[in-house]
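Engineer: For reference, the structure I am asking about is given below.
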Amino acid sequence: MKRLPAELVPETELRLLRALGNPVRLAVVAALARRGECVCGELLPDLPIAASTLSEHLSALKEAGLVRGEVQGPYRCYCLEPAALDTLARYLGQLAARARGSAPVAAAPYRVVADDCCPRLH
C-alpha cells in the first residue's frame, strides 16, 4: 500500500484511528472510559468476549498508545491514555472546523503524561 504524506494523514492520528477502527477495541476503550479509573482484571464482566480476546485487544490498544498498563504478579492493570484521546479529539475537531468553514485550532503534540497508571498496586 502506498503511504500518503504526513501532512495529509498524520502518523500518530492514523495509528490511533486504526486501533479504534475495530469495534471490539472501541468497546474496550468505552468500557475503560466508563470506569474512569485503572482497571485490574475487572473489565471482562463489562464485555461479552473471551479473556484471550480481551487480552489481544488490550495489547493492540497499548501498542497504539491509547491504553497504558502494567503487569505485577497476577495483576494486569490498564487505563486510558488521556493524551492520546485528546490528540484524536483535536484532530477530529480540526476536521469538523474545516468542514464548517471555520479556522481549525492548532494541534498540541501527543505525549504520555505518566508511565504509572496503576497506583493502587504500589
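The values are calculated or read from the model by the stated rules, or taken from the named source; none is laboratory data. In this text, all values refer to a predicted model and were calculated from it rather than measured experimentally. Ideal geometry is used to build each Cβ from the backbone, glycine not excepted, and the neighbour counts take in all protein chains shown.
Engineer: Please state which one of Ala64, Ala103, Ala107 is among the small types (Gly, Ala, Ser) and modelled with pLDDT of 85 or more. Spell out the reasoning first.
Structural biologist: Details: Ala103 fails: modelled with pLDDT of 85 or more; Ala107 fails: modelled with pLDDT of 85 or more.
Matching residue, one of Ala64, Ala103, Ala107: Ala64.
Engineer: Could you tell me how many of the residues in the stretch 49-85 are on the phi > 0 side of the Ramachandran plot and within 9 Å of the chain's Cα centre (by Cα)?
Structural biologist: Here the count works out to 1.
Engineer: Also, quick follow-up: Within the stretch 23-53, how many residues turn out to be small (Gly, Ala, Ser), surrounded by 14 or more Cβ atoms within 10 Å (Cβ to Cβ) and either closer than 14 Å to Glu81 by Cβ or touching a helix residue (DSSP H, G or I) at 6+ places or on another chain (Cβ under 7 Å) (or both)?
Structural biologist: Final tally of qualifying residues: 1.
Engineer: Still on this structure, I have one more. Those residues that are touching a helix residue (DSSP H, G or I) at 6+ places or on another chain (Cβ under 7 Å) and closer than 21 Å to Thr87 by Cα, I need them from the stretch 54-67; list them, please. Walk me through how you get there before you give the answer.
Structural biologist: So in the stretch 54-67, the residues touching a helix residue (DSSP H, G or I) at 6+ places or on another chain (Cβ under 7 Å) come out as 54, 57-58, 60-61, 64-67.
Of everything in the stretch 54-67, those that are touching a helix residue (DSSP H, G or I) at 6+ places or on another chain (Cβ under 7 Å) and closer than 21 Å to Thr87 by Cα turn out to be His57, Leu58, Ala60, Leu61, Ala64, Gly65, Leu66, Val67.
Engineer: While we're here: Could you grab the pairs with beta carbons closer than 8 Å, sequence gap of 6+ or different chains, first residue in the stretch 82-96 and more than 19 Å from Gly21 (Cβ to Cβ), second one basic (Lys, Arg)?
Structural biologist: Ala83/Arg111
Engineer: Considering only helices (runs of 4 or more DSSP H) fully contained in the stretch 1-79, which possess at least 2 residues that are in contact (Cβ under 8 Å) with a residue 60 or more places away in the chain and closer than 22 Å to Tyr91 by Cβ?
Structural biologist: Values: elements: 11-20, 23-35, 51-64.
Hits in the stretch 1-79: 11-20.
Engineer: For Glu81, state whether it is acidic (Asp, Glu), modelled with pLDDT under 85 and surrounded by 12 or more Cβ atoms within 10 Å (Cβ to Cβ).
Structural biologist: Values: acidic (Asp, Glu): yes; modelled with pLDDT under 85: no; surrounded by 12 or more Cβ atoms within 10 Å (Cβ to Cβ): yes.
Taking the combined requirement at face value, the residue does not satisfy it.
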